[in-house]
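Read through the structure below, which is laid out as structure tokens, and then see the notes.
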Amino acid sequence: MAETEFYATDVRIQRWFRSLTRAGQVIVKDGRLVLLTSYGREIDSAPLSAVTVRKHWFLAADSAVARLNGVRYRLTMGQRSRRPGGAAPVRRFLKALQGGGADTPVPYGHRELRSPTP
């Protein structure tokens, strides 16, 4: 059995405006991403090749948006601690998914200057 690449607890999992759990779990193991409730019941899972994860500039530093099986979930990690380094679990999560073959585009900075189109 392979070792877990990423494991986070106390994750708020939302299906956009509907909160599914405030103390959920996110696990990346054996090439799959699994979202669990606080009771350990599976919300959704998908192979990493079918997962898309984005870190939008307008979300909080500790949040990311994942698309599993065509359903978008907002994942907010570190709900209970709320320390200044709250973005660290999200960075580790994105790094684990990039290593596993998930589609994780590199986010551009919100201060990026773009040339005007003619």
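The values are calculated or read from the model by the stated rules, or taken from the named source; none is laboratory data. In this text, all values refer to a predicted model and were calculated from it rather than measured experimentally. Because the Cβ atoms are built from the backbone with ideal geometry, glycine has one as well, and the counts that use them run over all protein chains shown.
General observations
- Yes/no for Ala102 being more than 19 Å from Arg12 (Cα to Cα) and either modelled with pLDDT of 85 or more or surrounded by 20 or more Cβ atoms within 10 Å (Cβ to Cβ) (or both): yes
- For region 8-21, a residue qualifies if it is within 16 Å of Phe93 (Cβ to Cβ) and in contact (Cβ under 8 Å) with a residue 24 or more places away in the chain, and the qualifying residues are Ala8, Asp10, Val11, Arg12, Ile13, Gln14.
- In region 53-89, the qualifying residues are those that are modelled with pLDDT of 85 or more and among the hydrophobic types (A, V, I, L, M, F, W, C), and the one that is surrounded by the fewest Cβ atoms within 10 Å (Cβ to Cβ) is Val71.
- Only one of the numbered conditions (1) within 15 Å of Pro89 (Cα to Cα); (2) free of Cβ contacts under 8 Å to residues at least 12 places away in the same chain is not met by Tyr39, and that is (1).
- For region 22-34, a residue qualifies if it is out of contact with any Pro (no Cβ under 9 Å at 6 or more places or on another chain), of a type outside the set (Asp, Glu) and free of Cβ contacts under 8 Å to residues at least 40 places away in the same chain, and the qualifying residues are Gly24, Gln25, Ile27, Lys29, Val34.
- The set of residues in region 17-52 being part of a helix (DSSP H, G or I) and surrounded by 14 or more Cβ atoms within 10 Å (Cβ to Cβ) consists of Leu48, Ala50.
- Tabulated pairs, region 54-83, first more than 17 Å from Gln25 (Cβ to Cβ) and of a type in the set (Gly, Ala, Ser), second assigned to a loop (DSSP other than H, G, I, E, B) and modelled with pLDDT under 80, C-beta under 7 angstrom, 6+ apart or interchain: Ala61/Gly86; Ala61/Ala87
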